[in-house]
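Below is one structure, written out as structure tokens, with a few remarks after it.
The values are calculated or read from the model by the stated rules, or taken from the named source; none is laboratory data. Since the model is a prediction, treat every value here as computed from it, not as a measurement. Neighbour counts are summed over all protein chains in view; Cβ atoms, including those assigned to glycine, are modelled from backbone coordinates with ideal geometry.
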């Protein structure tokens, strides 16, 4: 199994367990929110959620967070932010980051330039920390507007985003999903041509 697939599976299992209701889940989500904006090694309270049961192939062995640890940390902390105050899971399988951002655009399109500007800032970020900053603002908007996203897919994408050879592929997938949603033809009533 590839490291990308291991990241996806690890986050899928964590999101599944965090999506149940209960005191452990509420406490765990609160711990994860305290890790937002910090690198993976900076918040001991989140380690049990982001590092426990981590496959050896994904772990750092040189004292600096691995690409997988960054992707997992970012996906789980942003999931916790998005999930805050929600009883139903905000994880929606198959809804990519690009598609979720496009769903923030109002039907009249009045907010499109602001959303597009935030999306572009995230996609052109120079490093994972800058991306996390811009993504956080978009996730807060998703939470406010009841837009869901696939967090295991987001983690997988974030893993690939950190490699120069795959960064543009991830950006292109997100951009295609963003524009695919916004450029879909209006459904026609029966009999219309």
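Table for the structure above
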| read-out | value |
| --- | --- |
| Search result, residues across region 37-61 that are out of contact with any helix residue (DSSP H, G or I) (no Cβ under 9 Å at 6 or more places or on another chain) and either within 13 Å of residue 71 (Cα to Cα) or outside any loop (DSSP other than H, G, I, E, B) (or both) | 42, 44, 56 |
| Region 121-130, subset in contact with a helix residue (DSSP H, G or I) (Cβ under 6 Å, 6 or more places away or on another chain) and part of a helix (DSSP H, G or I), residue surrounded by the fewest Cβ atoms within 10 Å (Cβ to Cβ) | 121 |
| Flag for residue 77 being more than 27 Å from residue 177 (Cα to Cα), touching a helix residue (DSSP H, G or I) at 6+ places or on another chain (Cβ under 7 Å) and at pLDDT 90 or above | no |
| Qualifying residues in region 91-130 (those that are within 21 Å of residue 19 (Cα to Cα) and in contact (Cβ under 8 Å) with a residue 60 or more places away in the chain) - the one farthest from the chain's Cα centre (by Cα) | 93 |
| Pair list, Cβ < 9 Å and 6+ apart or interchain, from region 42-66 residues that are on the phi > 0 side of the Ramachandran plot to residues that are surrounded by 11 or more Cβ atoms within 10 Å (Cβ to Cβ) | 53/10; 53/13; 53/14; 63/41 |
| Hits in region 132-171 (condition: in a helix (DSSP H, G or I), touching a residue at least 40 places away in the same chain (Cβ under 8 Å) and within 16 Å of residue 39 (Cα to Cα)) | 132, 133, 135, 136, 155, 158, 159 |
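Conditions (1) surrounded by fewer than 19 Cβ atoms within 10 Å (Cβ to Cβ); (2) under 24 Å from residue 10 (Cα atoms); (3) in contact with a strand residue (DSSP E or B) (Cβ under 9 Å, 6 or more places away or on another chain), marked per residue:
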{"position": "74", "(1), (2), (3)": "no, yes, no"}
{"position": "90", "(1), (2), (3)": "no, yes, yes"}
{"position": "94", "(1), (2), (3)": "yes, yes, no"}
{"position": "99", "(1), (2), (3)": "no, yes, yes"}
{"position": "106", "(1), (2), (3)": "yes, no, no"}
{"position": "112", "(1), (2), (3)": "yes, no, no"}
{"position": "116", "(1), (2), (3)": "yes, no, no"}
{"position": "119", "(1), (2), (3)": "no, no, no"}
{"position": "132", "(1), (2), (3)": "no, yes, no"}
